[in-house]
Amino acid sequence: MKSMKRLFPSLILFTLLVSACAPAAPQATTAATTPTQTSASATQAAVSPATSATATAPATAPAAAVPAATQAAATPGALPTQTSAAAIACTSPAALTVALTEGPYFKAGSPERSSLIEANTTGTKLSLSGYVLDTNCQPVAHALMEVWQANAQGQYDNAGYTLRGHLYTDDSGHYQVETIVPGLYPGRTEHIHIKVQAPNGPVLTTQLFFPGVAGNDSDGIFDPSTLLNIQQTADGLAAQFNYIINTH
Ligand code: FE
């Protein structure tokens, strides 16, 4: 009994010391609640495991890759308040994203994938991300997105599915797809073809364009309202675009 009385204050002191020296919990909280990373930096963390951030906090790296989902969980019923360049600027009722021609090269049956980049893909990497919203600025979860484009030489793969794919938005309406900057082909400026469709909703077919491309001015299909918001990243470009679609 006597030894227990002596031991008890020591245990309390030891517990206090351990609590004061444990940094793991505060770090995890910071990573989860302050997703100030842009999509681009999240991508870099994912592809550059040797970065100091990843090396010192490996347990938080997966959370950084899905900041939108984390925000949605923290604020149910509210729009994600992402602080990156992809921040949602939407005022209800929002104008629908403009529909643009499908062109001659759409091909049904593309594979589901979040990266169109394959082992032999050349060109400037482009990480394309954003949100799909309805006209009330509400996220559209599980929206189907078809992406197809020319390769860096301006050629479409009409025999197979190179640089073709489809994916779905997550619960917060967010999407991200890895691809490359398309090359030019006669008569067209740089563009990426997209179809977006809410579950059981109508299909929006449109095209995305790149700011500052000389060919934009002479392209009859070009529409400035679907210009991408682009930033340079360590290994290419990050681009954002938010779609406003009809859901029924
Ligand atoms: Fe095209």
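The values are calculated or read from the model by the stated rules, or taken from the named source; none is laboratory data. These figures come from a predicted structure and were not determined experimentally. So basically every Cβ, Gly included, is an ideal-geometry build from the backbone, and we count neighbours across all protein chains shown.
Quick notes on this one:
- Residues in the range 185-202 that are more than 16 Å from the ligand (Cβ to nearest atom) and over 16 Å from Phe241 (Cα atoms) were compared, and the one that is surrounded by the fewest Cβ atoms within 10 Å (Cβ to Cβ) is Asn200.
- Scanning the range 203-217 for residues being more than 20 Å from Gln231 (Cβ to Cβ) and either among the aromatic types (Phe, Trp, Tyr) or crowded, with 22+ Cβ neighbours inside 10 Å (or both) gives a total of 3.
- The combined condition, being modelled with pLDDT of 95 or more and within 16 Å of the ligand (Cβ to nearest atom), is not fulfilled by Ile230.
- Of all residues making up the range 205-248, the number that are under 20 Å from Val132 (Cβ atoms), within 19 Å of the chain's Cα centre (by Cα) and in a strand (DSSP E or B): 12
- For the range 165-184, a residue qualifies if it is surrounded by fewer than 22 Cβ atoms within 10 Å (Cβ to Cβ), away from the ligand (no atom under 16 Å from the Cβ) and assigned to a loop (DSSP other than H, G, I, E, B), and the qualifying residues are Asp170, Asp171.
- So Thr162, is it away from the ligand (no atom under 12 Å from the Cβ) and assigned to a loop (DSSP other than H, G, I, E, B): yes
- Scanning the range 106-123 for residues that are closer than 22 Å to Thr189 by Cβ and exposed (fewer than 14 other Cβ atoms within 10 Å of the Cβ) turns up just one, Thr122.
Listed here are the residues, each with its yes/no results for (1) hydroxyl-bearing (Ser, Thr, Tyr); (2) in contact (Cβ under 8 Å) with a residue 40 or more places away in the chain.
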{"position": "Pro93", "(1), (2)": "no, yes"}
{"position": "Thr101", "(1), (2)": "yes, yes"}
{"position": "Glu118", "(1), (2)": "no, yes"}
{"position": "Thr121", "(1), (2)": "yes, yes"}
{"position": "Cys137", "(1), (2)": "no, yes"}
{"position": "Gln153", "(1), (2)": "no, no"}
{"position": "Leu163", "(1), (2)": "no, yes"}
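- Condition check for Val177: within 16 Å of the chain's Cα centre (by Cα) and among the aliphatic types (A, V, I, L, M): yes
- Scanning the range 114-137 for residues that are touching a strand residue (DSSP E or B) at 6+ places or on another chain (Cβ under 9 Å), part of a loop (DSSP other than H, G, I, E, B) and at negative phi returns Ser114, Leu116, Ile117, Thr121, Thr122, Thr124, Asp134, Thr135.
- Taken over the range 138-150, the criterion of being crowded, with 18+ Cβ neighbours inside 10 Å and either basic (Lys, Arg) or not in a strand (DSSP E or B) (or both) is satisfied by Val140, Ala143, Gln149, Ala150.
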